[in-house]
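Before any comments, here is the structure.
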Amino acid sequence: MTEAMAARSLDVDLLARELGNWRTSSRSGPAYHGLADAVRLLIVDGRLPVGARLPSERALAEVLHVSRTTVTAAYTQLRDDGYLNARRGARSTTALPASPASAPASAPALSLAGAALSAPASAVMTAFAAAADDVTPYLQGMGHELVGTVALREAIAERYCERGLPTETDEVMVTTGALHAIGLILTTYIQPGDRVLVEQPTYHGALSAITTAGARPVPVSMTEDGWDLDALEAAVHQLAPNLAYLIPDNHNPTGHTMPAADRKRLAHIITETRTRTVIDETITDMWIDQPAPAPLAAELAGRRDLVLTVGSMSKSFWGGLRIGWIRAERNTIATLTTLRPSIDMGTAILEQLAAARLLAQRDELLPERREILRTRRAFLQSLLHEQLPDWQPGPGAGGMSLWVRLPAPMSTALSAAASRIGLELPAGPRFGVDGTLERFVRIPYALPEDQLAEAVGLLARAWRSVTGSAATEPTTVVV
């Protein structure tokens, strides 16, 4: 919705595309309920900017092929709920209510929007205590570290060397999280209107960053078993994207990891077409069944300048650290360093020093965190099998979430229904381009088991309300 954001006036065709298959919400009620729910979710998800003008009722009714009465009723409901502001003689503008009324006060406040574990508290506290001593030498300077502290860059470089990708400290830049790293790369190499090839589905934060940069995400659909490299290669040749963004390890949201043979072929495609590619390794450490192969950049031999590898502490250790990095060739790091002062002056030093301490303990900390995920994944699978047996979790073997196929394309309707009873669940289209993926939802298994059980119970209730099922509430308690 970048074009809409710039003008603060939403183009009717772009809005219709973002709405996707909103009509599924109306199967158990009036059509205007489904339309209002779909618009509300776009506002809450940030896919419609707050303060933007919606299309006129007549224009939206025409493009959606519904009566103007339906659009009028939807706008009225959104205004009553606080998601639209009405002004006499002007179009309504999007808003967020001062006190969201999406759930009753007695409903639990549960979220399946994020996929991240809580911190290993003792280790993090110890790391910060040590970092408070380590920071002393830095206090004599300005505290601006454009590429990152030597201690952390050494720890990151060592990590890549162990995984089969020789790396020096000057081939690493520390960033304020992985999304900051992606944004910095986009700012450096992308112009408005450029194409960025992405998997479909993919990480929704990257899609938002791409559109915010004014670029156009070009999707290549994944199969049930992983990547369709024939389709990817065809897309690269036909569309000549300016950049590609891929997640080959413990893919978010499907959990797939690209096999070694496919990685070699992908490296050949990148080299042959000279396509600059961002490889997101944020969830690489979170394997469950087997470790990921060596970093993809290791396959490119003499053309590693084409690959920028992004990593993060968020999934492996704790999201509150806000520490990420870019691993790239020296010239690429130098280019990024030249541009970075126009964006920020570096990442907080204390957090970097704590992150270096935690990376030094990765062999002790990560196995336990993988075991937590392994246990919670099995627990979530059992809950879904018991309470939602028609739902089909995908075969992905890693990561922090299940990519689940629904019996019917009703993801947006399900998300809206869940929100009304106190459960936040992003709709499937949030992970794709052009409002598709209505048959899917991403369900993380990072929450503690009692919260997972409560969340799946709410999901089952929401699904029954959407489908009109008269099934009784489940009585079995899974422990």
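Assorted remarks:
- When only the Cβ of Lys, Arg, Asp and Glu is charged (+1, +1, -1, -1), the dipole of segment 366-467 relative to its Cα centre reaches about 140 debye.
- Beta bridges per DSSP with both ends in the chain, % antiparallel, nearest 5: 55 percent
- To put it simply, the accessible area of the chain at a 1.4 Å probe is 51 percent carbon and sulfur.
- For Glu154, the solvent-accessible surface with a 1.4 Å probe is about 100 Å², rounded to the nearest 10.
- Listed peptides 30-39, 389-398 appear in the order 30-39, 389-398 once ranked by packing, highest mean of other Cβ atoms within 10 Å at the front.
- Segment 121-363, relative contact order in percent, only Cα pairs under 8 angstrom and at least six apart counted: 30 percent
- For segment 108-180, a Kirkwood hydrodynamic radius built from all Cα pairs, placed in the Stokes-Einstein relation at 37 °C and 0.692 mPa s, yields a translational diffusion coefficient of 216 µm²/s.
- Spread over its residues, the convex hull of the C-alpha atoms of segment 366-467 is 95 Å³ per residue.
- What the chain shows is 42 Å² of accessible area per residue, with the surface traced by a 1.4 Å probe over protein heavy atoms.
- Nearest 10 degrees, 0 to 90: helix 150-162 Cα axis against the chain principal axis: 90 degrees
- Under the Debye formula (equal points on every Cα, no solvent term), log10 I(q)/I(0) of segment 121-363 at q = 0.07, 0.08, 0.18 Å⁻¹: -0.22, -0.29, -1.46
- In degrees, nearest ten, helix 411-420 long axis to first principal axis of the chain (Cα): 80 degrees
- 5 angstrom amide H check on Ser9, placed H, neighbours 5+ away: Arg53
- Looking at segment 224-382 alone, DSSP beta bridges between its own residues are antiparallel in about 35 percent of cases.
- Orientation-averaged projection of segment 262-418 equals 13.0 nm² [convex hull of Cα atoms, one quarter of hull surface area].
- Coupling constants for segment 451-459 follow from the phi torsions by the Karplus curve (6.51 cos²θ - 1.76 cosθ + 1.60, θ = phi - 60°), and in residue order they are 6, 4, 4, 5, 5, 5, x, 5, 4 Hz; glycine and proline get x.
- Percentage of interatomic Cα-Cα distances in the chain larger than 29 Å: 52 percent
- Normalised by the number of residues in the chain, the average gap of Cα pairs under 8 Å and 6 or more apart makes the relative contact order 21 percent.
- Database remark: amide H of Leu84 closer than 5 angstrom to the amide H of Arg79, Ala95 (H placed geometrically; neighbours at sequence offset of 5 or more, or on other chains; Pro and chain starts carry no H).
- Over segment 234-322, the pair-distance histogram of Cα-Cα distances with 5 Å bins from zero comes to 3, 14, 23, 23, 18, 11, 6, 2, 0 percent, rounded to whole numbers.
- Taking the DSSP beta bridges with both ends in segment 125-249, the antiparallel portion is around 10 percent.
The values are calculated or read from the model by the stated rules, or taken from the named source; none is laboratory data. Because the structure is predicted, anything quoted here is derived from the model rather than measured. Glycine also receives a Cβ, built like all others from the backbone with ideal geometry; neighbour counts cover every protein chain displayed. Surface accessibility is based on the protein's heavy atoms, side chains included, excluding ligands, DNA and RNA. Shrake-Rupley method; radii C 1.70, N 1.55, O 1.52, S 1.80 Å.
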